[in-house]
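Below: one structure, written as C-alpha cells.
The values are calculated or read from the model by the stated rules, or taken from the named source; none is laboratory data. All values reported here derive from a predicted model rather than from experimental measurement. A quick note on method: Cβ atoms are made from the backbone with ideal geometry, for glycine too, and the neighbour counts reach across all protein chains shown. Calculation scope for accessible area: heavy atoms of the full protein, side chains included, ligands and nucleic acids excluded. Shrake-Rupley method; radii C 1.70, N 1.55, O 1.52, S 1.80 Å.
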Amino acid sequence: MKNIGIYLILILLITSCKKDFEINITPKKISKKKFKTIIKTNFPENTIFSITVERLYQRKNNPNIYGGTHFFSREFPVKNGEIEFSFEVNDKEWIKYYNEHREDDKRNEFPNKELTEIDFKFIKDSLEISVFYNPIFERDENVKKIIGENGKNLSGKGTIELENEKIFRITKSIYSKFEK
C-alpha cells in the first residue's frame, strides 16, 4: 500500500512539472506605418510558425468578418527563443487586391455572391497579429519529439484541441487607424 502511494506521488510530480508552451507578441511602432514585432517563446528551437497581420472588416449585405492581409508568412522558425519581423500598414493595397479579385470573379459563370463590396463603416481601427502552429507541417525531428505526434504534448494558453490533433494559436490586437 505504501509503494502505491509513492508511485502516485511520483506520477503527480512528473505530470505537474510539464511546462506549458507560451508565446508573447510585442509589437513596436517604428514609424507612422511600420511596426517591428518580437515574439518570445519557449517552443523548441527551429519550430516553424505561420504569422499573419490582418485588419478585420465586413462586406456589404454580409455579416461575416474577413481579414485584409498586411503581412503573411508560412515559415518563421524560432531562433534563440525569438521570432522577429517587420511589416508596413498599407490599407490601400489589400483593398485594391480584394476589389481586383471581386471584379475577376464577376466574369465567372457562377460568381461568388459573398464577394460584395467592402463596407467601410465596419472596418476596425486595429490590426490582428496572429501566430499559428500546426504540427502537421513540422519537419524538424527534434521539434516533433518534444511536441509529440499530432501535437499531443502541446499545452498552455493558445492550445486548441481538434479531433485528431492539437494546434496552437495566439492573437494580439494593436491600434492602427484605418486609412482609406
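First select every other residue whose beta carbon is under 14 angstrom from the beta carbon of Asn61; then total the charges, Lys and Arg +1, Asp and Glu -1.
Working: positive: Arg59, Lys60, Arg102, Lys113, Lys121; negative: Glu114, Glu117, Asp119.
Summing Lys/Arg as +1 and Asp/Glu as -1 gives +2.
Only Lys, Arg, Asp and Glu count, each charged at its Cβ (+1, +1, -1, -1), so figure out the dipole size of segment 118-177 about its Cα centre, rounded to 20 debye.
On the way: 11 positive and 10 negative charges, 56 e Å.
Around 280 debye, computed over segment 118-177.
Applying the Karplus parametrisation 6.51 cos²θ - 1.76 cosθ + 1.60 with θ = phi - 60° to the phi angles of segment 168-180, what ³J(HN,Hα) value in whole Hz is obtained for each residue in order, glycine and proline being reported as x?
Once rounded to whole Hz, the list reads 9, 8, 10, 10, 10, 9, 10, 6, 7, 4, 5, 10, 6.
For the full complex of protein chains and a 1.4 angstrom probe, list Lys60, Lys40 by accessible area with the highest value first.
On the way: Lys60 85, Lys40 110 Å².
If we order Lys60, Lys40 from most to least accessible, we get Lys40, Lys60.
Probe 1.4 Å, all protein chains in place: accessible area of Glu161 in Å², nearest 10?
Counting only protein heavy atoms, the figure is 140 Å².
Taking only DSSP H segments of four or more residues, each worth -39500 (n - 2.57), what value at 222 nm results for the chain once the sum is divided by all its residues, to the nearest 500 deg cm²/dmol?
Numbers: 3 runs with 38 residues, N = 180.
Theoretical 222 nm ellipticity from helices: -6500 deg cm²/dmol.
Not counting ligands, DNA or RNA, and with a 1.4 Å probe, what is Lys172's accessible surface area in Å² rounded to the nearest 10?
Estimated to the nearest 10 Å², Lys172 gives 80 Å².
Please name which of Asn142, Ile48, Ile25 has its Cα lying farthest along the dipole of the chain towards the positive end, using unit charges on Cβ (Lys, Arg +1; Asp, Glu -1) and the Cα centre as origin.
Of the options given, the answer is Ile25.
Any chance you could give the angle, 0 to 90 degrees and rounded to 10, that helix 2-16 forms with the longest Cα principal axis of the chain?
Computed tilt is about 20 degrees.
The chain: percent of C-alpha pairs farther apart than 24 Å? Don't skip to the answer; put the middle values down first.
Working: 8406 of 16110 pairs.
Everything past 24 Å amounts to 52 percent.
Could you compute how much accessible surface Ile146 exposes when probed at 1.4 Å, giving the result in Å² to the nearest 10?
90
To the nearest 20 Debye, how big is the dipole of segment 18-140 about its Cα centre, given +1 on the beta carbon of each Lys and Arg and -1 on that of each Asp and Glu?
Working: 23 positive and 22 negative charges, 97 e Å.
About 460 debye.
Largest first, what is the accessible-area ranking of Ile48, Ile160 with a 1.4 Å probe? Show your work: numbers first, answer last.
Values: Ile48 40, Ile160 70 Å².
Descending order: Ile160, Ile48.
Assign one of three labels to segment 106-153, namely rounded, prolate or oblate, based on the Cα gyration tensor with a ≥ b ≥ c the square roots of its eigenvalues; rounded applies when a/c is under 1.5, prolate when it is not and a/b is larger than b/c, and oblate otherwise. Could you put the intermediate results ahead of the total?
On the way: a/c = 5.05, a/b = 2.06, b/c = 2.45.
Oblate, since a/c reaches 1.5 and b/c is not below a/b.
Where does helix 91-106 land angle-wise versus the long Cα axis of the chain, in degrees 0 to 90, nearest 10?
On a 0 to 90 degree scale, this one is about 70.
Charges on Cβ only, +1 for Lys and Arg, -1 for Asp and Glu, centred on the Cα centroid of segment 17-148; of His101, Gly67, Leu127, which one is farthest towards the dipole's positive end?
Positive-end residue among those listed: Leu127.
Which entries in Lys36/Lys60; Lys33/Lys106; Lys29/Lys121; Lys28/Lys166; Lys34/Lys152 show an alpha-carbon gap greater than 27 Å?
Working: Lys36/Lys60 33 Å; Lys33/Lys106 33 Å; Lys29/Lys121 25 Å; Lys28/Lys166 30 Å; Lys34/Lys152 37 Å.
Pairs exceeding 27 Å: Lys36/Lys60; Lys33/Lys106; Lys28/Lys166; Lys34/Lys152.
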